[in-house]
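Step one of this worksheet: look at the structure below.
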Amino acid sequence: MKKSIIMSCRIEEDMKKLLDEESELQQISANSLINKVLKRHFEWERFTQEIGMIYVSKSVFRIILSKLDEKDIKLLAASSCRTSLRDATLYIKKEFNVKTILETFDMWLAASHISFRHTTFDNKEKYVIQHELGKKYSTYLHSALGALLSEVNTTIRNPSLNEHSLSFEIEKTPN
């Protein structure tokens, strides 16, 4: 368990009301919610403007992908998205290896409100991503991460791409 400290601060009355409503909605304490918000800010959000990230609604991105053929989606993912994720990894983590790539990928998925499970077992990283953005988005994610991992001599194994989800494994290489 991480060590915690007691800290007091003043917040606006309407923020306190929103904090209480949200913590009740999420069924967590106000302390837990504050820590969750602060963690997301310090690990991801404070960097997004600096590294050129923008927010696009899922429906807009789905429409954009629907206009592209599979070859163009793979090209977009392997170039622009790969570059953005590489830059984000280096900027945020200050190191570029499988571990930091996957940590950044996890933060990106979480910030994009895409449901996923990332587990480790038998020297493998296993992902199940529930996106509901169409098969082209599965292709996009698979291509982007695959291209990025190839830079550190790592490959995605056993991919399963469909309309609503993507799953795959990444075998850890011995150090």
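The values are calculated or read from the model by the stated rules, or taken from the named source; none is laboratory data. None of the values given here were measured: they were computed from a predicted structure. Every residue, glycine among them, receives a Cβ derived from its backbone with ideal geometry; neighbour counts consider all protein chains shown.
Some notes on this structure:
- Listed by position, the helices (runs of 4 or more DSSP H) enclosed by the range 59-166 that each have at least 3 residues that are surrounded by 18 or more Cβ atoms within 10 Å (Cβ to Cβ) and not charged (D, E, K, R) are 82-93, 98-111, 135-150.
- In this structure, residue 34 does not satisfy being in contact with a helix residue (DSSP H, G or I) (Cβ under 9 Å, 6 or more places away or on another chain), of a type in the set (A, V, I, L, M, F, W, C) and in contact (Cβ under 8 Å) with a residue 60 or more places away in the chain.
- Of all residues in the range 43-58, exactly one satisfies the criterion of being among the hydroxyl-bearing types (Ser, Thr, Tyr) and either touching a residue at least 40 places away in the same chain (Cβ under 8 Å) or in a helix (DSSP H, G or I) (or both), namely 48.
- Complete set of residues in the range 77-90 that are among the hydrophobic types (A, V, I, L, M, F, W, C) and farther than 18 Å from residue 109 by Cβ: 78, 90
- In the set 65, 145, only one residue is at pLDDT 95 or above, aliphatic (A, V, I, L, M) and farther than 18 Å from residue 48 by Cβ; that residue is 145.
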